[in-house]
Amino acid sequence: QVQLVQSGGGLVQAGESLTLACVASSRFGAEDSVAWYRQGTGPQRDFVARRAGGGRIEYSDAVKGRFTVSRDDAKSTVYLQMNDLKPEDTDTYYCYLDRWPGGNYWGQGTQVTVSS
């Protein structure tokens, strides 16, 4: 079992920045995929950003150009740098680990609130 502990959420004004962190209880492998999702308006979580195995990076259209996902292997930590935050970014954010060759894990969620 891999534990993912998130931090860095909070309340900010539109246009400001936040960085979320997700610390894993074990080391990342080169082929592990790490990602960020947010809850959205329904039970299905919405994709935000992903660093796939091998380093390929993907972003949702809603955040591309504003958010940056990165991984610090020495600290076993995944980051989501969120710039130019908008009220519509308000949500609960979750980190996600897809471990190669198997295993899927979620962080506990972190609230991000952006005021108008």
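The values are calculated or read from the model by the stated rules, or taken from the named source; none is laboratory data. The structure displayed is predicted, hence computed values, not measured ones. Glycine also receives a Cβ, built like all others from the backbone with ideal geometry; neighbour counts cover every protein chain displayed. Surface areas here come from the heavy atoms of the whole protein model, side chains and all, with no ligands, DNA or RNA. Shrake-Rupley method; radii C 1.70, N 1.55, O 1.52, S 1.80 Å.
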Magnitude of the Cβ-charge dipole (Lys and Arg +1, Asp and Glu -1) of region 3-61 about the Cα centre, nearest 20 debye, reported as 140
Quick calc, V5 & D46: beta-carbon distance into FRET formula, R0 25 Å, rounding 0.05, result 0.70
Within region 1-82, DSSP-loop GluC sites (Glu not before Pro) with at most 14 other C-beta atoms within 10 Å are E16, E31
Contour minus Cα-Cα span, W106 to D72, at 0.36 nm per residue, comes to 10.5 nm
Each label sits 7 Å from Cα toward the beta-carbon; between Q81 and T113 the label points are separated, in nm, by 2.7
The ratio Rg/Rh over the Cα atoms of the chain, Rh being the Kirkwood inverse mean 1/r radius, stands at 0.95
Bridge orientation stat for the chain from DSSP, antiparallel percent rounded to 5, came to 90
Carbon/sulfur accessible area of the chain, % of total, 1.4 Å probe, equals 46
Counting only protein heavy atoms and rolling a 1.4 Å probe, one gets per residue an accessible area for the chain in Å² of 53
Treating only Lys and Arg (+1) and Asp and Glu (-1) as charged, each at its beta carbon, one finds that region 4-116 has a dipole about its Cα centre, in Debye to the nearest 20, of 200
Relative contact order of the chain (C-alpha contacts under 8 Å, at least 6 apart) in percent is 35
Expected max-MSF residue from G42, G54, G15 in the GNM of the chain (alpha carbon, under 10 Å) is G42
